[in-house]
Amino acid sequence: MPELPERRYGEAQLESMMQKFRTAIYSEIKDRRYHLRTYKDCFVGSHAVHVILTEFDLYNREEALMVGRMFEKKGLFYHVTRDHIFKDEMLFYRFADVEQKTTCTISERYSGEDLESMMETFREKVEIKDRKYHLRTYKDCFVGSDAVSLMLTLFDLANRDEALAMGRAFEKRDLFYHVTRDHVFKDEMLFYRFGEIELLKSDSSKRFSEDEIVTMMEKFKAKIKVKDRKYHLRTYKDCFVGTEAVSLIQKEFNLW
C-alpha cells in the first residue's frame, strides 16, 4: 500500500508541488456554467485529479485525490460554493487568492465609512420577512440571491461575483449571518438574518433579575424530563432533549 502523502512530502516539497500543479492546470482555469449560473475562474475536480496523477507520477486516482485534498487543506483552492471538499467529480474549484483579490478590491475601493453607509442602505432596501423551508419557518430573514441582485443594482457593481464579494465584506463586519449558521454568504436560495435581530430576541436576560433567573432555573430543573436515552445503539444516561427543553421554557415562562 502506498505511503500516505502527508508523511511523504516535506513543507518545501509541498509548496513546490502546489506551484507546479497551479502551472499545469492554468490552461483549464475559465468561466464555467451550471444551472444557468456562471462560475468565474475555476477548474474541474476530476480534471485536477488527472493533472495531479500525471504531474507527480502517482499510483492511481485515489492517491491523486489524497494529494489534492492535501493542497486544499493548505488553503490552495476551495469549492466554488463551499459545499464540497475536493472530489474526483464534475465539480468546480477556484484558487483561494482569486476570491481574496476580489474581496481586497472591495476593501480597497471603499473606505470603512463608505461601507457603513452602504450597509445601512442595503438594510433599508432588502426584503425582510418570515420564510418557510422544509415545514420550518425562519423569521425576519432575506434570501442570499435576492441580496446579491439588490447589491448589484444598488451599488452599480460590475457583476454578481463582485456583488457576492460585497456581501461577504458586509458579513465579515457582522451585519448578518445564515439563519442556521451552516453557510457563508452565497448567491443562492439561502436565508440570512441581520445580527441585531437575534441579539434583540436573545437578550431576555435583561428582563429578569438574578433572583428571578435562579428561580426559573430551579423550576426548569424540576419540570424537565430527564432519563436514559438511546441513539445509534448507544445509551446516554440522565439527559433531556433540546427541543423539549425549548418548548418547556417557552411555555413555563411565557416567552415569544
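Within segment 57-92, work out how many residues are loosely packed, with under 15 Cβ neighbours inside 10 Å and among the small types (Gly, Ala, Ser).
Count: 1.
Take the residues in segment 150-180 that are out of contact with any Lys or Arg (no Cβ under 8 Å at 6 or more places or on another chain) and among the hydroxyl-bearing types (Ser, Thr, Tyr); name whichever of them is farthest from residue 192 (Cα to Cα).
My answer is 153.
Quick grid of which residues meet (1) over 27 Å from residue 162 (Cα atoms); (2) surrounded by 15 or more Cβ atoms within 10 Å (Cβ to Cβ):
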{"position": "17", "(1), (2)": "yes, yes"}
{"position": "20", "(1), (2)": "yes, no"}
{"position": "28", "(1), (2)": "no, no"}
{"position": "33", "(1), (2)": "no, no"}
{"position": "38", "(1), (2)": "no, no"}
{"position": "41", "(1), (2)": "no, yes"}
{"position": "54", "(1), (2)": "yes, no"}
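Cβ contacts < 7 Å: first residue in the same structural domain as residue 185 (by TED's automatic domain parsing), restricted to segment 157-172; second residue acidic (Asp, Glu), any location; separation 6+ or different chain. Result?
Hits for this filter: 160/187; 164/187.
Filter segment 176-194 down to the residues that are over 13 Å from residue 128 (Cβ atoms) and without any contact (Cβ under 8 Å) to a residue 60 or more places away in the chain, then identify the one that is surrounded by the most Cβ atoms within 10 Å (Cβ to Cβ).
In this case the residue turns out to be 185.
Here is a check on your reading of the model: is residue 148 modelled with pLDDT of 90 or more and touching a helix residue (DSSP H, G or I) at 6+ places or on another chain (Cβ under 6 Å)?
It is true that residue 148 is modelled with pLDDT of 90 or more and touching a helix residue (DSSP H, G or I) at 6+ places or on another chain (Cβ under 6 Å).
Quick check: anything in segment 145-157 surrounded by fewer than 11 Cβ atoms within 10 Å (Cβ to Cβ) and not in a helix (DSSP H, G or I)?
yes
Would you please name the residue that is surrounded by the most Cβ atoms within 10 Å (Cβ to Cβ), looking only at residues in segment 214-256 that are basic (Lys, Arg) and within 30 Å of residue 139 (Cα to Cα)?
219
What helices (runs of 4 or more DSSP H) lie completely within segment 9-99 and have 3 or more residues being within 24 Å of the chain's Cα centre (by Cα) and outside the structural domain of residue 144 (by TED's automatic domain parsing)? Give the steps one after another, and end with the answer.
Working: elements: 11-25, 45-55, 61-73.
Per the criteria, 45-55, 61-73.
The values are calculated or read from the model by the stated rules, or taken from the named source; none is laboratory data. Note that the structure is a prediction, hence the values are computed from the model and not measured. Here the Cβ is made from the backbone with ideal geometry for all residues, glycine too, and neighbour counts use every protein chain on show.
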